Amino acid sequence: MNNFFLQTLTGLQISALYMLIALGLTLVFGTLGVVNFAHGALFMLGAYFAVEIASQFGFEVAIVAVPILLFIVGVALERGLIRHFYERSHTDQILVTFGLAIVIGEVLKTIYGANNIPFAKPTWGTGILRLDEYLPFLDGAVYYPKWRLILVVVSFSTVAALFILLQFTKFGLIVRAGMRDSQMIAFLGVNITRRFTIVFGIGSIIAAIAGIFGGPITQVEPELGMKLLIPSFLVVVVGGMGSLPGAVLASLIFGMAISFTAEYAPIQQIIIYLIAVVILLVRPRGLMGKKGLME
């Protein structure tokens, strides 16, 4: 029971990071129809910003400041570049955003070098928790790193907040209506373009949250965005392009698969790709994908 519980927690922690990155990807695609391969670079940028601000002003300041900075970066990116590719093919979108990600990575490599830079956890996030003191069904001493639990809590809280924003607010209602027919919403006098810009900024905020809370676990280096972008994009595809519940479900499946194959290293390296092949053979549109979304 102890081993199963720890593996499940580890699976949730792995899922949490994939989930945060995939949420931003699928939110932007579901609303704007843009395949944003620069999202991994935004996550990496958030991690670097967090390192700098946390070292100068403290981790608490970074938690507030980095999402604001990434929101500004996201809005500038949408207005200056992405907006011009709304009506272009997904191939063009992938090429331009992938190129942007490479540029951001090279700039960071020039400034900080190619090696990892340390990202210290705050004092309130260091250490380990003895879980058997809180969970009576565990037998004997069971310990788990506190920061990894914090990442899980933050990830699922972000999912809940995004769901509430889109489902139970006027802003979310307009955005969901704009996803179905943006021209009709514009004819009704609503500035849907501004709302879509804000959505892109929200996606950047989610990338910032991933960088702040995931950076101390993954460590921070210029290739970080690309390393996590591919599996995160696979999460989006398997979950169903544009489906937020699908991205959450696929990230949980991938995280658990990686955790429970930890003792079999060769399988662990390819398990998410095997799962993706099986799911996409059975459901080509993904677990919760909609027909015609990529047409």
**Prompt:** Can you find a residue in the range 101-124 that is β-branched (Val, Ile, Thr), outside any helix (DSSP H, G or I) and in contact with a Phe, Trp or Tyr (Cβ under 6 Å, 6 or more places away or on another chain)?
**Reply:** no
**Message:** Anything in the range 119-152 that is surrounded by 12 or more Cβ atoms within 10 Å (Cβ to Cβ), β-branched (Val, Ile, Thr) and closer than 23 Å to residue 63 by Cα? List them, or say none.
**Reply:** 126, 128, 150, 152
**Item:** From 277, 236, residue being β-branched (Val, Ile, Thr) and surrounded by 15 or more Cβ atoms within 10 Å (Cβ to Cβ)
**Value:** 236
**Request:** Give the residue, chosen from 148, 130, that is basic (Lys, Arg) and free of Cβ contacts under 8 Å to residues at least 40 places away in the same chain.
**Result:** 130
**Request:** Working only within the range 1-32, note down all residues that are under 17 Å from the mean Cα position of the chain (by Cα), farther than 19 Å from residue 229 by Cβ and modelled with pLDDT under 90.
**Result:** 31
**Request:** Provide a single number: the residues in the range 82-111 that are in contact (Cβ under 8 Å) with a residue 60 or more places away in the chain and in contact with an Asp or Glu (Cβ under 8 Å, 6 or more places away or on another chain).
**Result:** 1
**Request:** Take residue 242 and decide whether it is crowded, with 16+ Cβ neighbours inside 10 Å, without any contact (Cβ under 8 Å) to a residue 12 or more places away in the chain and either touching a Ser or Thr at 6+ places or on another chain (Cβ under 6 Å) or of a type outside the set (Val, Ile, Thr) (or both).
**Result:** no
**Asked** Which residue out of 52, 60 is free of Cβ contacts under 8 Å to residues at least 24 places away in the same chain, of a type in the set (D, E, K, R) and surrounded by fewer than 24 Cβ atoms within 10 Å (Cβ to Cβ)?
**Response** 52
**Fill in**
Among residues of the range 74-104 being within 22 Å of residue 47 (Cβ to Cβ) and touching a helix residue (DSSP H, G or I) at 6+ places or on another chain (Cβ under 6 Å), the residue surrounded by the most Cβ atoms within 10 Å (Cβ to Cβ) is 74
**Prompt:** When the range 203-232 is examined, which residues are found to be under 16 Å from residue 271 (Cα atoms) and surrounded by 23 or more Cβ atoms within 10 Å (Cβ to Cβ)?
**Reply:** 232
**Prompt:** Considering only residues of the range 245-274 that are surrounded by 21 or more Cβ atoms within 10 Å (Cβ to Cβ) and small (Gly, Ala, Ser), which is farthest from residue 28 (Cα to Cα)?
**Reply:** 255
**Request:** Name every residue in the range 59-101 that is farther than 21 Å from residue 193 by Cα and of a type in the set (Gly, Ala, Ser), in order of residue number.
**Result:** 62, 65, 99, 101
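The values are calculated or read from the model by the stated rules, or taken from the named source; none is laboratory data. Keep in mind the model is a prediction, meaning the values are calculated, not measured. FYI the Cβ positions are ideal-geometry reconstructions off the backbone, even for glycines, and counts take in every protein chain you see.
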